[in-house]
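S.K.: Questions regarding the structure given below will be posed in turn.
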There are 2 protein chains.
Amino acid sequence: MKDAIGIVPGLAVILVGSRKDSQTYVRNKKACEAVGIQSFEVNLPEDSSEEEVIKHIASFNSDPSVHGILVELPLLRHMNDESILNAVGIEKDVDGFHPLNIGRLAMQGRDPFFVPCTPKGCMELLHRYGVEIKGKRAVVIGRSNIVGMPAALLLQKANATVSIVHSQTKNPEEITRQADIVIAAVGVANLVRGNWIKPGAAIIDVGINPVDDPESPRGYRLVGDVCYEEASKVAGAITPVPGGVGPMTIAMLLANTLESAKRIHNFK
Amino acid sequence: MKDAIGIVPGLAVILVGSRKDSQTYVRNKKACEAVGIQSFEVNLPEDSSEEEVIKHIASFNSDPSVHGILVELPLLRHMNDESILNAVGIEKDVDGFHPLNIGRLAMQGRDPFFVPCTPKGCMELLHRYGVEIKGKRAVVIGRSNIVGMPAALLLQKANATVSIVHSQTKNPEEITRQADIVIAAVGVANLVRGNWIKPGAAIIDVGINPVDDPESPRGYRLVGDVCYEEASKVAGAITPVPGGVGPMTIAMLLANTLESAKRIHNFK
């Protein structure tokens, strides 16, 4: 794209109250460098006002060298600050979290501008490893706006028969056992045991949960929502934690940024 | 509302290529009269251009005595004419079909401006008849943008464990048999047989299908997606066709129009 039309895809990250050495940030920046995407960044203190954040978003919205905008808010604000996330221009919302994007994702005959990165990564894993989706039973465990719900919508659009299991579900193990495909995105360490799994099923584990581990130098280790040791003996395919879905999320963020640059410049 | 603040809720209907004596139209108009909602109407020929339709929508969008706008397009156009339906101002989209509305319906922590009328009517039936939803298994048969998909999202928001069954589902009867609540919205006469139903389940039948009936003066009669004769012997509750969901859709359209007028005039 750079050679053909002189355009370099650009990704802008607005960090609110995150340390510049935060793992996600460093990882995203390195990934951009590796594939030739230009990084932009703004670092704002945690006590920044909504107006300040929105001012920076607006400036990236109108900056022609920026094709994707990511706002990293502290978790609690992230869940509530609708107006901040809504300020990101929908044509640069590479996170795909805007309700208009989600609506288009849900509807037959419409397509979202961007598919949210983590669910997109789950689908890419299924496609790359040749897991058939059409006509299969799929269970999504968890119904968050950023993973579970959009993952269920994507599986449904790919013609799976989808059930969503959540905290109010009475017999999650029984329903999960019917699934040919399981996406676990609930944030509970080792929730999904071996006896929840249908033999041969494909398991995508989105959870990244710290559990105490005195033998680890950090005092903890990361495990998924799926008890890997048990499930790997029953499943036909399973993603590890760490690894697995995590790196896919970053790859899909880069893919969305490239897609955005192509769309904005009508480059095929 | 009329007495308190002098505002009469208004519903505008734009008919494209429908006869003025169409059943739906006459029924809606009578219903508006019965509850004191003011009706507005525009009748356009089937060969009207997109621009003409949008011109009328724009005029209702800016008319302060109109609080809800309904566009009745011929079926084939209805499915495709995204730009016509998108032209309806989201604060007057009492159909609730705008993708932004659907996105807000799908997301935790967000609410749609309007809940689409037929799925809203299904939920109202469940509430009025005291059918518990939270923690129950629900199966939605069909995944249309106007009924199945939003109904599944509503049941999920009400904390049911929801599965969507569709044309690509391999064992629909087996999955449906697990459900405490079934919403059938697929448009296939008598698809759901008695042996698909869990004893005691609540069945909402959205289908309205004409089947040949030489004994009827019209030569046909209307049946649902559920075989009522069989299912009513097994179910704990079941809606009839005709009747049942149909009148609820109209009632919810009136309710959405009132809700819109209240919101626009900040009337509690």
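The values are calculated or read from the model by the stated rules, or taken from the named source; none is laboratory data. These figures come from a predicted structure and were not determined experimentally. We place every Cβ from the backbone using ideal geometry, glycine too, and count neighbours over all the protein chains shown. For the accessible areas, the whole protein counts, side chains as well, though only heavy atoms, and no ligand, DNA or RNA atoms are used. Shrake-Rupley method; radii C 1.70, N 1.55, O 1.52, S 1.80 Å.
S.K.: Over chain A, what is the mean sequence separation of C-alpha contacts under 8 Å (at least six apart), divided by residue count, expressed as relative contact order in percent?
M.R.: The value is 16 percent.
S.K.: Separate question: No solvent, one uniform scatterer per C-alpha: report log10 I(q)/I(0) for chain B via the Debye equation at q = 0.08, 0.14, 0.17 1/Å, two decimals.
M.R.: Treating every Cα as an identical point scatterer, log10 I(q)/I(0) equals -0.35, -1.03, -1.37.
S.K.: A plus B alone minus the pair: what accessible area, both sides summed, probe 1.4 Å, in Å² to 100?
M.R.: What A and B bury together is about 3200 Å².
S.K.: Which cross-chain or sequence-distant (5 or more) residues have an amide H under 5 Å from the amide H of B:A160, H modelled 1.01 Å from N in plane?
M.R.: Those qualifying (amide H under 5 Å, at least 5 residues apart or on another chain) are B:G135.
S.K.: Can you give the angle from 0 to 90° between the axis of helix A:117-128 and the longest principal axis of chain A, with both taken from C-alpha atoms, to the nearest 10?
M.R.: The angle comes out near 60 degrees.
S.K.: Sort the stretch B:1-128 into rounded, prolate or oblate with this rule: let a ≥ b ≥ c be the square roots of the eigenvalues of the Cα gyration tensor; rounded if a/c is under 1.5, and if a/c is not under 1.5, prolate when a/b is larger than b/c, oblate otherwise. Write out the running numbers ahead of the final one.
M.R.: Details: a/c = 1.42, a/b = 1.12, b/c = 1.26.
Rounded, since a/c falls under 1.5.
S.K.: By the gyration tensor of its Cα atoms, with a ≥ b ≥ c the square roots of the eigenvalues, what is the shape of the stretch B:146-242: rounded for a/c under 1.5, prolate for a/b over b/c, or oblate?
M.R.: It is prolate, given that a/c is not under 1.5 and a/b is the larger ratio.
S.K.: For B:Y220, tell me the accessible area in Å² from a 1.4 Å probe, rounded to the nearest 10.
M.R.: About 80 Å², rounded to the nearest 10.
S.K.: Any of A:K136/B:K170; B:K136/B:K198; B:K55/B:K262; A:K157/B:K198; A:K55/A:K92 with alpha carbons more than 19 Å apart? Name them for me.
M.R.: The answer is B:K55/B:K262; A:K157/B:K198.
S.K.: Can you work out the accessible area per residue across chain A, with the rest of the protein chains kept in place, probe 1.4 Å, in square angstrom?
M.R.: Per-residue value: 45 Å².
S.K.: While we're on this one: May I ask for the distance between the Cα centers of the stretch B:216-242 and the stretch B:83-115, given as a whole number of Å?
M.R.: Using only Cα atoms to place each centre, the spacing works out to 32 Å.
S.K.: What nm value, rounded to one decimal, do you get for the distance between B:S232 and B:E124 when each label is placed 7 Å out toward the C-beta?
M.R.: So the two model labels end up 2.3 nm from each other.
S.K.: Once the Cα atoms of helix A:148-157 and of chain A are each reduced to a long axis, what angle between those two axes, in degrees from 0 to 90 to the nearest 10, is obtained?
M.R.: On a 0 to 90 degree scale, this one is about 80.
S.K.: Shielding of B:245-258 by partners, i.e. mean partner chain Cβ atoms within 10 Å per residue?
M.R.: Mean shielding by partner chains, rounded to a whole number: 0.
S.K.: If you find the alpha carbon centre of the stretch B:125-185 and of the stretch A:154-200, how far apart are they in angstrom?
M.R.: One Cα centre to the other: 17 Å.
S.K.: Could you sort B:146-155, A:104-113, A:54-63, B:94-103 so that the peptide with the highest average Cβ count within 10 Å comes first and the rest follow in order?
M.R.: The packing order, highest mean first, is B:146-155, B:94-103, A:104-113, A:54-63.
S.K.: Given the protein assembly as shown, what percent of its DSSP beta bridges are antiparallel, to the nearest 5? Write out the running numbers ahead of the final one.
M.R.: Working: 9 of 65 bridges.
Around 15 percent of the beta bridges assigned by DSSP in the protein assembly as shown are antiparallel ones.
S.K.: Using only Cα atoms, tell me the angle between helix A:50-61 and the longest principal axis of chain A; keep it within 0 to 90° and round to the nearest 10.
M.R.: Result, in degrees: 80.
S.K.: Mean-square fluctuation check for chain A, GNM, Cα pairs under 10 Å: which of A:V226, A:V234, A:V35 is largest?
M.R.: So, out of A:V226, A:V234, A:V35, the one fluctuating most is A:V35.
S.K.: Separate question: Counting only protein heavy atoms and using a 1.4 Å probe, what share of the accessible area of the stretch B:98-231 belongs to carbon plus sulfur, as a whole percent? Show your work: numbers first, answer last.
M.R.: Numbers: 2640 of 5300 Å².
It is 50 percent, rounded to a whole number.
S.K.: Given C-alpha coordinates of the protein assembly as shown, what is the ratio Rg to Rh with the Kirkwood estimate of Rh?
M.R.: 0.99
S.K.: Follow-up question, since we're still on this one. If each label sits 7 angstrom from Cα along the C-beta direction, how far apart, in nm, is A:N266 from its counterparts in the other copies?
M.R.: Taking the point 7 Å beyond Cα along Cα→Cβ, the inter-copy spacings are 4.5 nm.
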